[in-house]
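Have a look at the structure below, then the notes.
What follows is calculated from the coordinates using simple rules that are stated; it is not laboratory data. Bear in mind the structure is a predicted one, so any value in this text is a computation, not a measurement. Because the Cβ atoms are built from the backbone with ideal geometry, glycine has one as well, and the counts that use them run over all protein chains shown.
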Amino acid sequence: MKKERYLFRWAGILTISIIALSGTGIYGLSKVLKVSSQPRADVIKIDNMIAFGKLEKAPVEFLHEAHTEALAKKNKDCAACHLTQNKRMFPKFKRIADTDRIEVMDIYHKGCISCHGEMKVAKEKAGPVECEGCHREKIQHLTSRQPIGFDKSLHFRHSEAQENKCELCHHEYDEKAKKLFYVKGKEGTCRYCHKEKTKDNLMSMGLSSHISCIDCHQKNISKSLTTGPVTCSGCHDPAVQQKIKKITPIPRMDRKQPDIVMLKNAPKGIGTDTENTNKMAFVPFDHKAHENYNDTCRVCHHESLKQCNECHALAGMKEGNMVNLEKAMHQVDSTRSCQGCHEAKQNDKNCAGCHVFMGKERVKEDTSCLKCHSAPGVEKKKASNPDDEKTLVKTMLQSRNLVPGTYPENNIPEKVVIKKLSKEYEAVDFPHRKVVNTLVKNIKDNKLAGYFHSQKGSICKGCHHNSPVSTNPPHCGNCHGKPFDAKNPSKPGIIGAYHQQCMGCHKEMGIEKPAGCTECHKKKKN
Amino acid sequence: MSISRRKFLGWVSAAGIGSVVGKSALAAGNKHFDGYQESLGVLHDISLCVGCRSCEAACCKVNELPVPDKPFTDTHVLDEERRTTAKAYTVVNKYGVTGKIGPSFRKIQCNHCAEPACSSACFVKAFKKTKTGAVTYDASVCVGCRYCMIACPFEIPAYEYNESFTPRVMKCTMCHPRILKGQLPGCVEVCPMEALTFGKRADLLNIARERIRKYPRKYIDHIYGETEMGGTSWLYLSNVPFSDIGMREDLGVTPAPELTSGALSVVPLVAGLWPVFLMGIYAISKRKEIIFKEELDEAAHSRTKEDI
């Protein structure tokens, strides 16, 4: 008897542990496996109930386009599922707002199950009517949905089609009257007010854009006008997005923004800035040109289209998240700041060949500051009124030299024979002038690069680094000696220096030739 | 509340064993060891490697290894991912990394761990971490169990399977004999890109940190080997994620010996106490029998008395 009990106990322990082990394993796997079909753009995860607390059942994966198609076959339109308020169709399912838990749940259950049931009775292909049919733990469909940005091209096509009636989309909100109204010249990006989530009666970006876009497109369709998409994939399918017509060149978006502007400390009455605290020379800025370099205004401006110095004062302000003006303009890891964006441009194929070798030094050269901070400083003669300032900015921008500077051709050696490497291999005939000319040609049409390389010899510094610019720079071997100098561990030896510089640059610029050792230097014949 | 005799004894013995085991495991555990102060190493800057296989050729030459059929200048060899063998202490592999122009190359060889797994697994002490940083191998004591090959997290040691009588475990020696002579390791000396830097491990870490600071957009902000498996003498800098070039990122920072020393330290204790324990049980059961016999005798005796 005792023995039996003993065996029984062991069997119990084993079974429990096996069940526990296999259970967790299978459960974990099943969450990823068995995803059917291609990714689609119309997968909507219905988890609205989360607003009322923890979900009791798994969220429902809803294929919107499958439903639209099925309803279209029965001659039903959007109104079968969507209500209309103020003549606008509402994107939520059979309701305007999320009132309370039971009510919203009932709307879904009644709406979905009754329709599926009717179809089932009519012996048609129908969706599930039992709980687990919709509330499934496993992911059934992969989504390819991608948010669609309203870039400048798309914006232009809309404003052109609507004959520049900005008020059709843009509005302000009157807190007291609880009404939307329009102010000319105050148009901003939707995201300024419409955030990620709906709060009180301020709709989320998703909700408001679906109401506005689809409703307008829908109305145009009913009037048989050419219009934008109304289906999920029409806007959100990455492949379809690629096919959206692009206008080139895009005419300028007009919101009374300045063509040119002087970047300086905060204006009077904002922050604690005074003209005395501003020690750096102001920066003339070509606003109009920069508009063309970017897809949206948001790239530099945040959601609001205010001037930088309204929030970023010299000492930092609460409105600007305490990011002071210096940081706002120079923060290297930010895509919004001047320097952050300009430095990112150095990753371009034509630039990276040289710039990849240029380390981030703790202190910048003075000359690089003065490239931007070129306006007469506060201590010098300053523009007294806005018009004078404008002329000043204009002349300063016009006086900028945007052509990369080089020495006259006879100062640039045509060929340099590199003999240092000729131990196992023959000497290298380095086509020096050809390389210089190619580098100059590559940045000829680039205004940014042109301006920063306008000084004679600045392009030479790509290879002839760490020595003053000159037509007669030191030989590479004057600094780079034997390899693995323990006192100078970060300075490669002459062989390493040549290989790193030449091959590193070619790799970054995507130059495939010369490939292999012998295309630069021939193997010596013994 | 009543405690049975059996329960009480159970508690006491459990507490006794617990305290003994706990203490001894700690006492046997390694004291904190940061590696030899002056230990040397090599920093491999993966961003600089161009896959020329010069290091492979030099390694073959200085270690007098058999020359392979395909010449070292043949870069088609790189099309296949290789590992170290008994005939090649080091190999270079090519990796395609998405989002990067051109392939990446990584040199593989023994990493010369600060506290090597191979040496902790070796019961004849054939492997030794020397003060130079190199992990050396003594073939004269090796019994050929190949535990080192299983223990190594980087899958480096290889075995001379086709040597019938004197098979050896083969792996990079960091050119230990050359280092002692004041020479550079063969691979480092020959690298045309200077992608390999030889020096004191502490200096190499500073060089690597300085490169990361100077080129923040270029390098991944991690020095592979600084902490992996408790630190290795070979260090790696990369411009692509280490996992994309086949480097394990799941190794943790604990040296291999520390993972096993706790459990292994109990072995002598268990081995020593086991006979005592068994003898004890035997004695107890014997005593039971004696008592039983005595009682039986007594009962029989008294019964006979009563009967009479």
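Table for the structure above
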quantity	calculated
Compactness of the protein assembly as shown as Cα Rg over 2.2 N^0.38 Å, two decimals	1.35
Values of log10 I(q)/I(0), in the order q = 0.09, 0.10, 0.13 Å⁻¹, for the range A:165-305 under a Debye, Cα-only, solvent-free model	-0.43, -0.53, -0.85
Cα-based convex hull volume of the range A:233-284 per residue, rounded to whole Å³	199 Å³
The range A:415-526 - convex hull of the alpha-carbon atoms, volume per residue in Å³	127 Å³
Two-decimal Rg to Rh for the range B:56-129 - Kirkwood Rh, Cα set	1.06
In order through the range A:390-404: 3J(HN,Hα) via Karplus (6.51 cos²θ - 1.76 cosθ + 1.60), integer Hz, x for Gly, Pro	4, 4, 4, 4, 4, 5, 5, 5, 5, 7, 5, 8, 9, 9, x
Over the range A:143-225: Rg over Rh, Cα atoms, Kirkwood Rh	0.97
Qualifying aspartates and glutamates (Cα of each under 17 Å from Cα of residue B:70; at least 8 residues distant if same chain)	B:56, B:79, B:80, B:81
Exposed chymotrypsin sites (Phe, Trp or Tyr not before Pro) absent: longest stretch of chain B, with sites in DSSP loops and at most 16 other Cβ within 10 Å deemed exposed	B:166-308
Segment residue A:98-residue A:349, extension gain: residue separation times 0.36 nm, minus the distance between their alpha carbons	85.2 nm
Between helix A:64-73 and chain A: long-axis angle, C-alpha atoms, 0 to 90°, nearest 10	50 degrees
P(r) histogram, all alpha-carbon pairs of the range B:211-263 included - 10 Å bins from 0, percent	24, 45, 23, 8, 1
Cα-based convex hull, the range A:64-218, per residue volume (Å³, whole number)	167 Å³
Gained length - residue A:239 relative to residue A:136, 0.36 nm times residue gap less alpha-carbon distance	34.2 nm
Whichever lysines have a C-alpha closer than 21 Å to that of residue A:456, once near sequence neighbours (fewer than 8 apart) are set aside	A:364, A:371, A:415, A:434, A:441, A:444, A:447
The range A:262-368: radius of gyration over Cα atoms, expressed as a fraction of 2.2 N^0.38 Å	1.17
Loop-located GluC sites (Glu not before Pro) in the range A:427-525, at most 16 other Cβ atoms within 10 Å (DSSP)	A:512
Taking B:90, A:189 and counting other C-beta atoms within 10 Å, the order from fewest to most	A:189, B:90
Dimensionless Rg over Rh [the range B:83-164; C-alpha; Kirkwood]	1.07
Dipole axis of chain B (+1 Lys, Arg; -1 Asp, Glu on Cβ), positive-most option in B:183, B:102, B:207	B:207
All-pairs Cα distance distribution in the range B:186-308, expressed in whole percent, bin size 5 Å	2, 8, 10, 11, 11, 7, 5, 4, 4, 4, 4, 4, 4, 4, 3, 3, 3, 3, 2, 2, 1, 0, 0
Where trypsin sites (Lys or Arg not before Pro) fall in DSSP loop in the range A:44-130, at most 15 other Cβ within 10 Å	A:54, A:57, A:74, A:76, A:87, A:94, A:123, A:125
The range A:487-508 and the range B:164-195: distance between their alpha carbon centers, rounded to Å	24 Å
Listed residue pairs exceeding 18 Å between alpha carbons, taken from A:94/A:125; B:87/B:107; A:76/A:243; B:61/B:171; A:423/A:524; A:45/A:92	A:94/A:125; A:76/A:243
Sequence-separation-based contact order of chain A, relative, with Cα cut under 8 Å and 6+ spacing, percent	10 percent
Fewest-first ranking of A:202, B:278, A:154, using other Cβ atoms within 10 Å as the exposure measure	B:278, A:202, A:154
Relative contact order (percent, whole number), the range B:156-242, Cα cutoff 8 Å, 6+ residue spacing	15 percent
